[in-house]
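Here is the structure we will look at, set down as structure tokens.
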Amino acid sequence: MISAERGNSADRNRAKVYAAEDQFSSLMNRGGKVEFFGSVLDIPTQKRFANLESIDIYISGLFAKLDCDLLPPRTRERKGSTKAHYEFATGVIAIPVAGQAAMWALRETLLLHECAHHVAGSCAPVDEPAHGPTFTACMLMLVETTLGDQARLLLSAGYLELGVPVGDHQEIFSQLSAT
């Protein structure tokens, strides 16, 4: 169930989620070998996008990989270049694409974040904050689907380190695939 109010709930973990994902995105910019608690992980470099068309193609491919009947979110260009956001009421990702100042937004981890809002919006309790446990579980599932289990482990550790609650992604996606 998509709620227009979800974005207005007390979202106490938003800053922590952003901090964990910013650190994760920095690792994904480099890709390659990462030392992680004595183990060496090999992670891919995150994709960059040129325009809305390339973003739409990526999102369509992502949702085709998911085992659920949820339609992909739509996208639109966002005016201004400092933020991207998901519109719960309409199921639209608004993302800046024009100009040099928008380059920061045209990256895979940002799209996964906004797509996680779309997925979570379909199954999270109405009173759950936008960056609550359902969102983080959905984000981890999307990261695993697109970037692999080693990338998922890195983001999961980032959430854990900052005390971000994470829901059970297997339970969430079994509910989605049952619909």
Cross-link partners of LYS16 among aspartates and glutamates (Cα-Cα below 13 Å; sequence separation of 8 or more within a chain): GLU161
Extent of the chain along each principal axis, from alpha carbon coordinates, in Å, largest to smallest? 44, 39, 31
Amide proton proximity set for ALA84, modelled H, under 5 Å, gap of 5+: none
Between ASP149 and ARG12, what FRET efficiency follows from the Cβ-Cβ distance if R0 is 35 Å, with the result rounded to 0.05? 0.75
Distant-in-sequence amide H partners of ARG78 (H built 1.01 Å from N, under 5 Å): ILE95, VAL97
Springs between alpha-carbon atoms under 10 Å, Gaussian network over the chain: tell me which of ALA20, ALA98, ALA116 tops the mean-square fluctuations. ALA98
With 10 angstrom as the radius, rank ILE93, ILE43 by how many other C-beta atoms surround their C-beta, starting from the fewest. ILE43, ILE93
Note, ³J(HN,Hα) from phi for segment 37-47, Karplus 6.51, -1.76, 1.60, rounded to Hz, x at Gly and Pro: 6, x, 9, 9, 9, 10, 10, x, 7, 5, 6
Name the chymotrypsin sites (Phe, Trp or Tyr not before Pro) in segment 21-74 that are in a loop by DSSP and that have at most 12 other C-beta atoms within 10 Å, would you? PHE37
Under the classification rounded if a/c is under 1.5, otherwise prolate if a/b is larger than b/c and oblate if not, where does segment 82-176 fall, given a ≥ b ≥ c as square roots of the Cα gyration tensor eigenvalues? oblate
Of all DSSP beta bridges located in segment 1-156, what percent are antiparallel, nearest 5? 70
Here, LEU70 and GLN100, labelled 7 Å along Cα→Cβ, have an inter-label distance in nm of 3.7
Lys and Arg at +1, Asp and Glu at -1: add these up for the other residues within a Cβ distance under 11 Å of LEU41 and post the number. -1
Based on other C-beta atoms within 10 Å, arrange MET141, MET103, MET28 from fewest to most. MET103, MET141, MET28
Expected vector for segment 134-147, Karplus 3J(HN,Hα) from phi with 6.51, -1.76, 1.60 and θ = phi - 60°, integer Hz, x for Gly and Pro, equals 5, 4, 5, 5, 5, 4, 4, 5, 5, 4, 5, 4, 9, 10
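Where a number appears in this text, it was derived from the coordinates with a stated rule and is not lab data. The structure displayed is predicted, hence computed values, not measured ones. Positions of Cβ are generated from backbone atoms using ideal geometry, with glycine treated the same way; all protein chains shown enter the neighbour counts.
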